[in-house]
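S.K.: Quick one: this structure, given as structure tokens, is what I'll be asking you about.
The values are calculated or read from the model by the stated rules, or taken from the named source; none is laboratory data. Being a predicted model, the structure only gives us computed values, none of them experimental. Here the Cβ is made from the backbone with ideal geometry for all residues, glycine too, and neighbour counts use every protein chain on show.
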Amino acid sequence: MVQKNLIDGEWIAGSEAFRNINPSDTNDVVGEYARASAEDARAAIAAAKAAFPAWSRSGILERHAILRKTADEILARKDELGKLLSREEGKTLAEGIGETVRAGQIFDFFAGECLRLAGEVLPSARPNIGVEITREPVGVVGIITPWNFPIAIPAWKIAPALCYGNTVVFKPAELVPGSSWAIVDILHRAGLPKGVLNLVMGKGSVVGQAMLDSPDIHAITFTGSTGTGKRVALASVEHNRKYQLEMGGKNPFVVLDDADLNVAVEAAVNSAFFSTGQRCTASSRLIVTEGIHDRFVAAMGERMKGLVIDDALKAGTQIGPVVDESQLNQDTDYIAIGRQEGAKLAFGGELLKRDTPGFYLQPALFTEATNAMRISREEIFGPVASVIRVKDYDEALTVANDTPFGLSSGIATTSLKHATHFKRNAEAGMVMVNLPTAGVDFHVPFGGRKGSSHGSREQGRYAAEFYTTVKTAYTLA
Ligand code: NDP
């Protein structure tokens, strides 16, 4: 059965369909999904535009109930939805279930936020005049998401968009339509009026582009590559629309001489290789001071030997496959580039054979890398990390900040002085002390600086900044 697109409250088949393939076993077809056309995208935008006046004035209890019901169903079905996610994306079952729970928590959080909408009342600078400051929805919000968090990223964009009274046109990544279809189905059954949330699965170059080109989309929130992010920005400037971009990272993880070695190794392995290194918050630059360097590299090697890389759904798997062939080629190309640049491939980097045909890659660790190498400057988005040796904390901080990106930044140290200094001086949106660079909470701001992000933060109460626009009203008493 082909899973359809949702346009103006109707499930629409369209004329084409595409297959969702399991990267752990390419013989396993997860499902077939309708491929929307540019015309479907325009119909979805028109439906969202028509639904906006009523939804923007809907009562907070109606919105609360729908978001709350959605949270409850996602959490009740976490094992099944987590399995679907792991099957289509390739992260381990534990990671898939964890991400699904996070999506449920996000809907729960924004169900609560509907009940906490508030403004401000101030005296005017002039006598006998009152001033009210309120937040209003922006209008039709376009949501474009990547493949690496198939349920959490759609959740953290859709939930606040609906909470604050916007209507939505949602285009998930073509590689992983299953989890997105599932949450749209849940929201639809939870009672959303027709046209409030529209799903258009299909090619970015067709469906996504039709969204970018439409004057009727008032805000676009995008997570994905830097190249596509720039297209979103340019098209949004053309239409004078609000836009928010979350793009790549080249996140540093600093290890100082005084670090607890076990804490440092666990955090580094998690940062660099868990979720197959396919997290925008992954660390691919391990910046290590010379007093601990050799012990750290040896301990990383021992730890990496024990990692279980296999089918995402198998019990005991710690690292699943790479998402698809083109990403695998990108990873192996960068491993070749690192060698050519003179870094030493200390561990891993080999293609692996397992019981089923899949995109299995042994995590790779380079040593003797410099921060000028391409493997240290460009986002690889796979299980490939490099160790960069530095003299001391000052050099570590300089190297950590010497990157076009600024999403997440981590340090392993037992020194309060260095931890405090690093928190203040790391040029990143998120800083981790003795923790992996990836792995964030659902109720606090998420986002970066420099080339990693544009616009206000996602998640938590800070999401209101993007999904609302402020009105100031003056009344003569
Ligand atoms: P892409 O930028 O290729 O795709 C992201 C989304 O944009 C997909 O839905 C894609 O559609 C769509 N798209 C592609 N072309 C267009 C277009 N012309 N107009 C509108 N939409 C378009 O990135 P990936 O999904 O391949 O994700 C990997 C990259 O994203 C990495 O570089 C990673 O760092 C970054 N990323 C950043 C995150 C962050 O929070 N900072 C989080 C996750 C990923 P289609 O399905 O057809 O590809």
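Quick grid of which residues meet (1) assigned to a helix (DSSP H, G or I); (2) touching a strand residue (DSSP E or B) at 6+ places or on another chain (Cβ under 9 Å); (3) not assigned by TED's automatic domain parsing to the domain that holds ALA48:
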position	(1), (2), (3)
GLN209	yes, no, no
ILE220	no, yes, no
ALA235	yes, yes, no
ASN240	no, no, no
TYR243	no, yes, no
ALA259	no, yes, yes
ASN262	yes, no, yes
THR276	yes, yes, yes
SER284	no, yes, yes
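S.K.: Here's another thing I want to ask about it. Quick one: would you say LEU162 is outside any strand (DSSP E or B) and either of a type in the set (A, V, I, L, M) or more than 16 Å from the ligand (Cβ to nearest atom) (or both)?
M.R.: For LEU162, the condition - outside any strand (DSSP E or B) and either of a type in the set (A, V, I, L, M) or more than 16 Å from the ligand (Cβ to nearest atom) (or both) - is met.
S.K.: Another question, then. Across segment 177-188, which residue is nearest to the ligand (Cβ to nearest atom) among those that are in contact with a Ser or Thr (Cβ under 9 Å, 6 or more places away or on another chain) and either within 19 Å of GLU32 (Cβ to Cβ) or among the hydroxyl-bearing types (Ser, Thr, Tyr) (or both)?
M.R.: Ranking the candidates gives SER180 first.
S.K.: Please pick out the residue among LEU81, LEU61 that is of a type outside the set (Gly, Ala, Ser), more than 22 Å from CYS114 (Cβ to Cβ), out of contact with any Gly (no Cβ under 7 Å at 6 or more places or on another chain) and assigned to a helix (DSSP H, G or I).
M.R.: When all the criteria are applied, what remains is LEU81.
S.K.: Residues in segment 197-204: is at least one at pLDDT 95 or above and under 18 Å from GLY455 (Cβ atoms)?
M.R.: No - not one qualifying residue is present in segment 197-204.
S.K.: Considering only residues that are of a type outside the set (D, E, K, R), away from the ligand (no atom under 11 Å from the Cβ) and in contact (Cβ under 8 Å) with a residue 24 or more places away in the chain, which ones fall in segment 443-465?
M.R.: Of segment 443-465, the ones of a type outside the set (D, E, K, R) are 443-448, 451-456, 459-460, 462-464.
Next, only the ones that are away from the ligand (no atom under 11 Å from the Cβ) stay: 443-445, 455-456, 460, 462-464.
Hits for segment 443-465 are HIS443, GLY455, SER456, GLY460, ALA463, ALA464.
S.K.: Checking the conditions here, which among VAL138, VAL196, VAL200 is β-branched (Val, Ile, Thr) and within 16 Å of the ligand (Cβ to nearest atom)?
M.R.: From the options VAL138, VAL196, VAL200, the qualifying one is VAL200.
S.K.: OK, next. Could you list all residues from segment 317-369 that are surrounded by fewer than 20 Cβ atoms within 10 Å (Cβ to Cβ), assigned to a loop (DSSP other than H, G, I, E, B) and in contact (Cβ under 8 Å) with a residue 40 or more places away in the chain?
M.R.: GLN318, ASP324, LEU352, ARG354, ASP355, THR356, PRO357, GLN362
S.K.: Quick check on my filter: what residues within segment 204-254 are without any contact (Cβ under 8 Å) to a residue 12 or more places away in the chain and either near the ligand (Cβ under 8 Å from one of its atoms) or of a type in the set (Phe, Trp, Tyr) (or both)?
M.R.: Quick first cut of segment 204-254, residues without any contact (Cβ under 8 Å) to a residue 12 or more places away in the chain only: 205, 227, 230, 234, 237-238, 240.
Listed by number, the residues that qualify are SER205, GLY227.
S.K.: Quick check on GLY178: is it in contact with an Asp or Glu (Cβ under 7 Å, 6 or more places away or on another chain) and crowded, with 20+ Cβ neighbours inside 10 Å?
M.R.: Answer is yes for this residue.
S.K.: A further question on this structure: Within segment 14-42, which residues are surrounded by 21 or more Cβ atoms within 10 Å (Cβ to Cβ), under 19 Å from PHE170 (Cα atoms) and not acidic (Asp, Glu)?
M.R.: ASN20, TYR33, ALA34, ARG35, ALA36, ALA41, listed by residue number.
S.K.: With (1) outside any loop (DSSP other than H, G, I, E, B); (2) under 21 Å from PHE405 (Cβ atoms); (3) among the aliphatic types (A, V, I, L, M); (4) more than 16 Å from the ligand (Cβ to nearest atom) as the list, and ALA372 as the residue in question, which single condition is left unmet?
M.R.: Here ALA372 clears every test but (1).
S.K.: Looking at ILE66, ILE97, which is the one that is β-branched (Val, Ile, Thr) and crowded, with 23+ Cβ neighbours inside 10 Å?
M.R.: ILE66
S.K.: Still on this structure: Applying the selection to segment 381-402, what residues are surrounded by fewer than 23 Cβ atoms within 10 Å (Cβ to Cβ) and polar (S, T, N, Q)?
M.R.: Those that are surrounded by fewer than 23 Cβ atoms within 10 Å (Cβ to Cβ) and polar (S, T, N, Q): THR398, ASN401.
S.K.: In addition: Can you list residue pairs whose Cβ atoms sit under 6 Å apart, with the first residue in segment 134-148 being at pLDDT 95 or above and the second being within 14 Å of the ligand (Cβ to nearest atom) and assigned to a strand (DSSP E or B)? Count only pairs 6 or more apart in sequence or on different chains.
M.R.: GLY142/VAL169; GLY142/ILE220; ILE143/PHE170; ILE143/THR221; ILE144/LYS171; ILE144/PHE222; THR145/THR223; PRO146/THR223
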